[in-house]
Amino acid sequence: MSTIRLHPMRTSLAVGAATALLALSACSSTGGETTTSESPASSATASASAAPASDLPKTLVFAPLALSIPAMQGLSEGVTGYGGSQGWEVIVQDPKLDPATQVQQVTEVLESGRAGALWIIAIAPASMTDVLHAAQEKGVPVLINGVPADYGFDGPQAGITFDTIDYEAGGTALGEQTGMCINEKLGGEGTVIYGASPAGTAGKEESDAAFLAALEATAPGVEVVQTWDITDRAASQTDVGSILQAHPDVDVVAAANDEGVLGAIGAFKAAGKELTCATDFGGNDEVLALVEDGTMFATVALQFEQDMIQSFDTLAEMQMDPTAVGPELTVPLEVTSSAS
């Protein structure tokens, strides 16, 4: 099994939890906020956790979508643990998926003077524009999901880092891995079906277009004979089962997420058919195990643990000069393949 790290793209919309860092958590809860006590910074990240050039406190306010979402809860614990290990206090808010509540909570802590840095996963980006302006006026650095245009800006901003997922890169990697499997195992010929994200899903258009272009470039002449929209695993199994009745020669499946490919694998098993090439853009533990045992050819995975660390370190560096223009960052991607 081989692992390929794509170009070092960095941080972002953290919809996955940094579960490996949960052991670092040492938190206590009060009301709607969670805080950690400070601890000495490690020498490995001394530059990021050194005393800031400004008078801002070493307090990070983390405003996720909602703590009822397991991934957000896990990420908040990872941020809390890692921040505490770097000598920072971390305040975790819970807007419960309500944009107005998120704006109110962030505004209150910003006006209180407690915030030394803000990490916001905006529920409704447009609602946070005034908050970003207020943070700039106070010289408090911010890391937020999306791109400048989402918040009414026409480019990079002083004191703000915008972070995104590079869906085009993910779709490209998925198309390349699917084509590589077809070339390696099917002599360059195969019958392909594709599980796509539903309409309206973030990055769908970029990811789908990049997948098809990369597949054609890697395995010329191969076409996708049918697509289905992924909702969940059970529905995908049903949908792919129906597709197999119309296209019994299908031997290649690519999917935009784990639930799609896992449902497709279930459909092939139920039909007693061999699935030669299976790939996806996801990479949960179940999928990684299937890649390791050869059931799947490859998975393209967003690296949220790396993203969490890079996000925090970026904010710590920005605090040293809150007037500097923040970088635009994206989540790291990694390809894990069963190919030798």
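Rounded, prolate or oblate for the stretch 230-297? Axes are the square roots of the Cα gyration tensor eigenvalues, ordered a ≥ b ≥ c, and the cut-off for rounded is a/c under 1.5. The partial results should precede the final answer.
Details: a/c = 1.96, a/b = 1.35, b/c = 1.45.
It comes out oblate by the Cα gyration axes.
Quick check on the exposure proxy: order Met320, Met308, Met72, Met180 from fewest to most C-beta atoms within 10 angstrom.
Details: Met320 16, Met308 27, Met72 22, Met180 19.
Lowest to highest Cβ neighbour count: Met320, Met180, Met72, Met308.
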Checklist line | Calculated from backbone phi, Karplus (6.51, -1.76, 1.60) coupling profile of the stretch 179-188 in Hz, x at Gly/Pro | finding: x, 4, 5, 4, 5, 6, 9, 10, x, x
Notebook entry, point to check: Once amide H atoms are built 1.01 Å from N in the peptide plane, which residues 5 or more positions from Gly159, or in another chain, come under 5 Å H to H?
Noted result: Ala324, Val325, Gly326
Next item on the list: Classify the stretch 61-166 as rounded, prolate or oblate, taking a ≥ b ≥ c as the square roots of the eigenvalues of its Cα gyration tensor: rounded when a/c is under 1.5, otherwise prolate if a/b is larger than b/c and oblate if not.
Entry: rounded
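Give the order of Glu176, Glu108 when sorted by the count of other beta carbons within 10 angstrom, beginning with the fewest.
Glu108, Glu176
Rounded, prolate or oblate: which fits the stretch 167-301 when a ≥ b ≥ c are the square roots of the eigenvalues of the alpha-carbon gyration tensor, with rounded for a/c under 1.5 and prolate only if a/b beats b/c?
Working: a/c = 1.24, a/b = 1.07, b/c = 1.16.
Since a/c stays below 1.5, the shape of the stretch 167-301 is classed as rounded.
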Item checked: Sequence-distant lysines (8 or more away, or on other chains) whose Cα lies within less than 29 Å of Lys185 -> Lys204, Lys269, Lys273
Next item on the list: For the stretch 143-154, just list the computed ³J(HN,Hα) in residue order, Karplus coefficients 6.51, -1.76 and 1.60, θ = phi - 60°, integers in Hz, with x standing in for Gly and Pro.
Entry: 10, 9, 6, x, 10, x, 4, 4, 10, x, 9, 9
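Where a number appears in this text, it was derived from the coordinates with a stated rule and is not lab data. Model, not experiment: these values are computed from the prediction. Cβ sites come from the backbone with ideal geometry, for glycine too, and all protein chains shown count toward neighbours.
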